[in-house]
Each structure stands twice: as structure tokens, then as C-alpha cells.
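Everything below concerns the one structure shown next.
The values are calculated or read from the model by the stated rules, or taken from the named source; none is laboratory data. Here the structure is a predicted model, which is why all the values come from computation and not from measurement. In case anyone asks, the SASA skips ligands and DNA or RNA and just uses the protein heavy atoms, side chains included. Shrake-Rupley method; radii C 1.70, N 1.55, O 1.52, S 1.80 Å.
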Amino acid sequence: MFTPKYPPQDTAPPATATAPTVHTPASFQPTAPAPVPVAPASNRPMVQLTPGSALALAAGGGAVVLVVGAVLVSMLLAVAITATSVAVCAVVLRSLLNAERNR
């Protein structure tokens with residue numbers, strides 16, 4: 001039961017050894033490097049942040065952080081309230097069952 005089970009041995013015939021081939025390099029001809037492609041100029045306008053837009057961006061990011069934090073805290077609070085109510089129910093049931101046994 002606890003003995004290891006090995007796969008069957010390989011029954012393929014051994015490969016015959018061949019002599020390594022010798023490669024002689026051809027004469028080296030240096031070539032000119034390829035030209036680097038240049039990106040075409042874009043027609044889109046560049047985005048420039050003004051102090052007002054930077055302030056609006058920071059306020060929006062802060063609002064997102066606050067909303068996500070409020071959601072996570074409310075979910076944690078819901079889990080804590082549920083766990084407390086389940087624990088109270090368990091204590092009440094235990095006391096009821098112990099009272100039935102003592103009669």
C-alpha cells in the first residue's frame with residue numbers, strides 16, 4: 001500500500017552517437033545600422049493642468065477615497081453586528097437547552 005509505484009522503464013532503443021558537425025563562419029560583412037523610425041506628430045491637443053483643474057482633480061480623488069472608505073467601514077460594521085447577534089442567539093439557545101436538561 002505504501003510502496004512507491006515507478007513508471008515502466010523506457011524501452012526505446014538507444015540513439016546512435018553522431019560526430020558533431022563543425023560550422024565554419026562565413027566572411028563577416030559589417031552593415032550599416034538600420035535607421036530609427038520617428039514617431040509622427042500627433043494632432044491631439046496636449047492636456048495642461050491649470051491650478052483650478054489640479055484642485056478639482058485632487059478634490060475628486062479625495063471624494064473617491066472617502067466614499068470607498070465609508071463603504072468598507074459600513075461593511076465591517078455590518079459583519080460585526082451580525083457576528084454579535086449570532087453570538088447572542090447562541091448564548092440564549094444554550095441557556096434554553098441547559099434549562100430543559102435540568103428539569
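How many of the residues making up region 42-56 are open to solvent by less than 100 Å² (accessible area, probe 1.4 Å) and either of a type outside the set (V, I, T) or in a helix (DSSP H, G or I) (or both)?
Restricting attention to region 42-56, the residues satisfying the condition of being open to solvent by less than 100 Å² (accessible area, probe 1.4 Å) are 42, 50, 52-54, 56.
After this cut, where a residue has to be either of a type outside the set (V, I, T) or in a helix (DSSP H, G or I) (or both) as well, the list is 42, 52-54, 56.
The qualifying residues number 5.
If we keep just the residues of region 16-40 that are among the aliphatic types (A, V, I, L, M) and open to solvent by 100 Å² or more (accessible area, probe 1.4 Å), which is modelled with the lowest pLDDT?
Only one residue tops the list, namely A17.
Specify which of the listed residues (L66, L96, L76) is in a helix (DSSP H, G or I), at pLDDT below 95 and open to solvent by 80 Å² or more (accessible area, probe 1.4 Å).
Only one candidate passes the filter, namely L96.
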